[in-house]
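The values are calculated or read from the model by the stated rules, or taken from the named source; none is laboratory data. Since this is a predicted model, take the numbers as computed values, not measurements. Note that we place each Cβ from the backbone using ideal geometry, even for glycine, and neighbour counts take in every protein chain shown. Surface areas here come from the heavy atoms of the whole protein model, side chains and all, with no ligands, DNA or RNA. Shrake-Rupley method; radii C 1.70, N 1.55, O 1.52, S 1.80 Å.
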Amino acid sequence: MLKGKHIILGITGSIAAYKSAVLCRLLVSAGAEVKVVMTPLAKQFITPLTMATLSKNPILVDFFNPENGEWNSHVSLGEWADCYLIAPATANTIAKMASGVADNLLLTTYLSARCKVAIAPAMDLDMYAHVATQRNLAQLKADGVYVIEPGAGELASGLVGKGRMAEPQDIVSEVEALFDEKKKSLQGKSFLVTAGATIEPIDPVRFISNHSSGKMGYALAESLAARGAKVWLVSGRTALDVPAGVERVDVLSAEQMCEACCELWPKCDGAVMCAAVADYTPAVVAEQKIKKGDGDMSIALKRTRDIAATLGKEKGSRLLVGFAMETENEMTNAVSKLQRKNMDFIVLNSLRQAGAGFRGDTNVVSLIDAESRVDLPLMSKREVADKIVDKMESILEEKN
Ligand code: PMT
């Protein structure tokens, strides 16, 4: 996807600039020609020599070369590029871009760029969350700049939160997606995806759960995001990394998952309910670890809320896709869920089918709506996700 593409890599003064070296290398390995523009402060974080060696091009920092007076034309740079990627982008540079300030070569090049522009913000969590930064990011998005969401985790300050620059490999994937027009077909749409298993506590050390790894739901979130959609991934506990461009909302119990989904639903164009949600939860959660006695014991369970059915009642013109995990009477049970929960279509997978269901990297599914049933062969979960998203797209087109 990046072979022969001209990419300007803009680097600003952030500790995350050390990742720009890996990013540059990945872009060059993918076949792109890379020219690096740095702000003066960026040179304090990573040397021009490193970036010149990796990009195989001289580094541009000043408007002219002080030794021979040669002019570094931001206009011709802006015209040369197919993509201007600023990674890391500090709060300061984001603010200047949002208001059109042009006091260094990196910024004048931005104002001259006719190509796709993407930024990967990097800053401390409070700076990222600040209303001014969020306002500036919203302005840049409105101006057509593609924002590669920062990740959450430990920051250089020692604080933990959202603000870490996305990982270089994820940035490359997002830049590739910018060049893939098919993948941008859901730009401007927002979706909610549930994934993973819920956890219903019995006491402080025990819980009821199931075998879902989250792989199927995460593949769906990735597929939707790769086509340009805004994705909220409401996730039970998993060991998986958040896919690039996806916002994860962590939950544990079915009730927490239901609350998160109900809050997000009004903002969404659709939802895919892939999580394996507990249908029952302990009626009472013991405050202390339950001690064993001599005899048997039983735990009283009460029903959880059905999240898909709850969203289905408030569906309006939105798209609702569900899953059915069955072990018998597959078709009858799936059709019953499709109707009861007011879904547009349901994805049936059966534990009786080899390569389908929990934990593995593959699935075997049938896509069932009110009129039709399509049986898909064994595929990777990501390929299954793409087929599901294809069907979602065609229904959305019909609805509009
Ligand atoms: O996570 P993996 O290891 O990759 O495994 C993937 C998977 C097997 C979990 C996935 O493919 C799948 O089948 N997910 C749905 C599992 C399930 O709970 O199915 P169900 O038939 O019990 O539920 C029907 C639908 O109602 C589902 O969309 C479910 O998310 C939803 N539901 C169920 C109960 C509840 N209280 N609220 C719900 O929203």
What number of residues in the range 164-217 are open to solvent by 60 Å² or more (accessible area, probe 1.4 Å) and assigned to a strand (DSSP E or B)?
2
Just to be sure, is LEU319 surrounded by 21 or more Cβ atoms within 10 Å (Cβ to Cβ) and away from the ligand (no atom under 13 Å from the Cβ)?
yes
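Conditions tested, residue by residue: (1) polar (S, T, N, Q); (2) modelled with pLDDT under 95.
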| residue | (1), (2) |
| --- | --- |
| ASP170 | no, yes |
| ALA177 | no, yes |
| THR198 | yes, no |
| ASP203 | no, no |
Considering residues that are more than 27 Å from the chain's Cα centre (by Cα), within 11 Å of the ligand (Cβ to nearest atom) and of a type in the set (Ser, Thr, Tyr), the number found within the range 346-389 is 1
Scan the range 276-308 residue by residue and report those that are in contact with a Pro (Cβ under 9 Å, 6 or more places away or on another chain) and within 16 Å of the ligand (Cβ to nearest atom).
THR281, PRO282, LEU301, LYS302
Residue check: is VAL242 away from the ligand (no atom under 12 Å from the Cβ), open to solvent by less than 50 Å² (accessible area, probe 1.4 Å) and under 9 Å from the mean Cα position of the chain (by Cα)?
no
Kindly provide the set of residues from the range 112-133 that are in a helix (DSSP H, G or I), touching a helix residue (DSSP H, G or I) at 6+ places or on another chain (Cβ under 8 Å) and either open to solvent by 40 Å² or more (accessible area, probe 1.4 Å) or more than 23 Å from LEU77 (Cβ to Cβ) (or both), ordered by number.
MET127, TYR128, ALA132, THR133
Taking the range 245-276 on its own, how many of its residues are assigned to a strand (DSSP E or B) and open to solvent by 30 Å² or more (accessible area, probe 1.4 Å)?
4
Options SER173, SER223: the member that is within 16 Å of the ligand (Cβ to nearest atom), hydroxyl-bearing (Ser, Thr, Tyr) and either out of contact with any helix residue (DSSP H, G or I) (no Cβ under 9 Å at 6 or more places or on another chain) or in contact (Cβ under 8 Å) with a residue 40 or more places away in the chain (or both):
SER223
If you check every pair at least six apart or on different chains, which have Cβ atoms under 7 Å apart with a residue in the range 303-317 that is in contact (Cβ under 8 Å) with a residue 24 or more places away in the chain first and a residue that is open to solvent by 100 Å² or more (accessible area, probe 1.4 Å) and more than 8 Å from the ligand (Cβ to nearest atom) second?
ARG303/TYR280; THR304/TYR280; ALA309/ARG340
Of the conditions (1) away from the ligand (no atom under 16 Å from the Cβ); (2) modelled with pLDDT under 95, PRO121 satisfies every one except a single condition; which number is it?
(2)
Determine if the range 58-79 includes at least one residue that is modelled with pLDDT under 95, among the polar types (S, T, N, Q), under 28 Å from MET1 (Cβ atoms) and assigned to a helix (DSSP H, G or I).
yes
Which is of a type in the set (Asp, Glu), over 30 Å from SER350 (Cβ atoms) and within 15 Å of the ligand (Cβ to nearest atom), of GLU247, GLU259?
GLU259
Condition check for ASN333: within 8 Å of the ligand (Cβ to nearest atom), more than 15 Å from MET273 (Cα to Cα) and either assigned to a loop (DSSP other than H, G, I, E, B) or not hydroxyl-bearing (Ser, Thr, Tyr) (or both)
yes
Only one residue in MET392, MET343, MET325 is away from the ligand (no atom under 13 Å from the Cβ) and surrounded by 17 or more Cβ atoms within 10 Å (Cβ to Cβ). Which one?
MET392
